[in-house]
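Some notes on the structure that comes next.
The values are calculated or read from the model by the stated rules, or taken from the named source; none is laboratory data. In this text, all values refer to a predicted model and were calculated from it rather than measured experimentally. Neighbour counts run over all protein chains shown; Cβ positions are idealised from the backbone, glycine included.
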Amino acid sequence: MIDKWKMAVVHLECATDSVDFNERIRQIDDLHKSLEESKISQKEFTEKISSCSRDIRYQGTAIFLKNEGKHYLLTARHVLWDELSATRELNEGIRRTQTDSRAHQYFIESSKQIALDKIFSIIFRVPSLNEIIGGKKVKAFLMNLGAGVPYLTPYTFSDQNIDLAIISLDQRNNEFTKELLESGYEPISLADISDEPTNEGSDLMAVGFPSATSLIGQQKLHPAHIQWASNYFSLPVLSFGRVSLLHKDLNFFWADMSIYPGNSGGPVIENDKLVGIVSAQAIIPIENNDEIELSARIPFGKIIKAKYIRELLVTQINKDLQFNNFNC
């Protein structure tokens, strides 16, 4: 059972820019000028220009899923949501429309939803230790999933309260799927999913990539290549515990188990069935005398019930059908 779930989890690394597009262009222009004036070498220019983009990375866990011959990645919504870019773009748009009150109000309402669905523009797969040992290069990545009209995108976000997301891997390009299968990853099916745990006190297992324990090392990549890959390699980590709070009217349950950053989006399993997706770690406030809000994480997991996965999958299947009909 353990091997089955270890081969079904995928380590994702999502990338975004620390500065907006205009600032990035300014930085590139300054570097070109410095190169022309011989203030920096060609090597320094290459290294610095490579660091101008995709310099912020976030990691999480996804589950490889197959249904009716199609392949998907299932994860937590917040793993894929590019909050930094969404906030930056929304604020810039609001600033530009402030002179027209009617256009300003219309933009705010329509843009808020666009911001909530903002996915990272590029998503890498962190290679496994076995791939590194075997000399296998991870070449496939997911890019520009948010391009096009919203009702045809190859991904679907739940609302923020449920915190689930699904990516259709075969809608536009199956290279990511092909590489997963060639590397030995094995997708689960809907038959492996149960709606929720059976009862409080049930034994659970989680599989994922918490950064503190799953990251085994880093590759030495050329600065230009870092923009197109993750330089880490990893192995999935197991954690065990029990259901500590379960209620029929809640869309989540609490699990007394070790959940840390990087576990988000990973499966929680009971009796070889997926019963939930890791959403968050419990946080408690820390008393201090400096009027600064401090908090500490505790090894307690907030897990979204798996019963919401099917509805999300149906939504994405319908989007894929519309996409295929549109392109016929």
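Tabulated data for the structure shown
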{"item": "Residues (modelled with pLDDT under 80, in a loop (DSSP other than H, G, I, E, B) and surrounded by 15 or more Cβ atoms within 10 Å (Cβ to Cβ)) located in the stretch 97-122", "result": "T97"}
{"item": "Some residue of the stretch 234-253 being over 25 Å from I2 (Cβ atoms), modelled with pLDDT of 95 or more and among the β-branched types (V, I, T)", "result": "no"}
{"item": "Single residue of E270, E311 found to be closer than 28 Å to P150 by Cα, out of contact with any Phe, Trp or Tyr (no Cβ under 8 Å at 6 or more places or on another chain), at pLDDT 95 or above and among the charged types (D, E, K, R)", "result": "E311"}
{"item": "Neighbours by Cβ (under 7 Å, 6+ apart or cross-chain): first from the stretch 13-30, over 14 Å from I123 (Cβ atoms) and of a type outside the set (D, E); second modelled with pLDDT under 75 and not in a loop (DSSP other than H, G, I, E, B)", "result": "I28/I49"}
{"item": "Check on D170, assigned to a loop (DSSP other than H, G, I, E, B), touching a Gly at 6+ places or on another chain (Cβ under 9 Å), surrounded by fewer than 22 Cβ atoms within 10 Å (Cβ to Cβ) and not β-branched (V, I, T)", "result": "yes"}
{"item": "Residue list for the stretch 149-170, restricted to those being at pLDDT below 90 and β-branched (V, I, T)", "result": "V149"}
{"item": "Near pairs, Cβ below 9 angstrom, 6+ apart or cross-chain, from the stretch 155-167 (within 16 Å of K302 (Cβ to Cβ) and assigned to a loop (DSSP other than H, G, I, E, B)) to any residue that is of a type in the set (D, E) and modelled with pLDDT of 95 or more", "result": "S158/E311"}
{"item": "Breaking point among (1) surrounded by fewer than 13 Cβ atoms within 10 Å (Cβ to Cβ); (2) at pLDDT below 90; (3) not acidic (D, E), for G184", "result": "(2)"}
{"item": "Any hit, the stretch 245-264, residues being exposed (fewer than 15 other Cβ atoms within 10 Å of the Cβ), in contact with an Asp or Glu (Cβ under 8 Å, 6 or more places away or on another chain) and of a type outside the set (G, A, S)", "result": "yes"}
{"item": "Residue count for the stretch 123-139, restricted to those that are surrounded by fewer than 18 Cβ atoms within 10 Å (Cβ to Cβ), touching a residue at least 24 places away in the same chain (Cβ under 8 Å) and among the aliphatic types (A, V, I, L, M)", "result": "2"}
{"item": "One residue from A147, A140 being under 16 Å from the mean Cα position of the chain (by Cα) and aliphatic (A, V, I, L, M)", "result": "A140"}
{"item": "Residues of the stretch 266-322 that turn out to be small (G, A, S), surrounded by fewer than 21 Cβ atoms within 10 Å (Cβ to Cβ) and outside any strand (DSSP E or B), as a count", "result": "0"}
{"item": "Residue match in the stretch 214-225 (condition: surrounded by fewer than 21 Cβ atoms within 10 Å (Cβ to Cβ), at pLDDT 95 or above and either under 15 Å from L12 (Cβ atoms) or in contact with a helix residue (DSSP H, G or I) (Cβ under 6 Å, 6 or more places away or on another chain) (or both))", "result": "yes"}
{"item": "Number of positions in the stretch 218-260 that are in a strand (DSSP E or B) and touching a residue at least 24 places away in the same chain (Cβ under 8 Å)", "result": "17"}
{"item": "Test: residue in the stretch 282-295 that is under 23 Å from I122 (Cβ atoms) and not small (G, A, S)", "result": "no"}
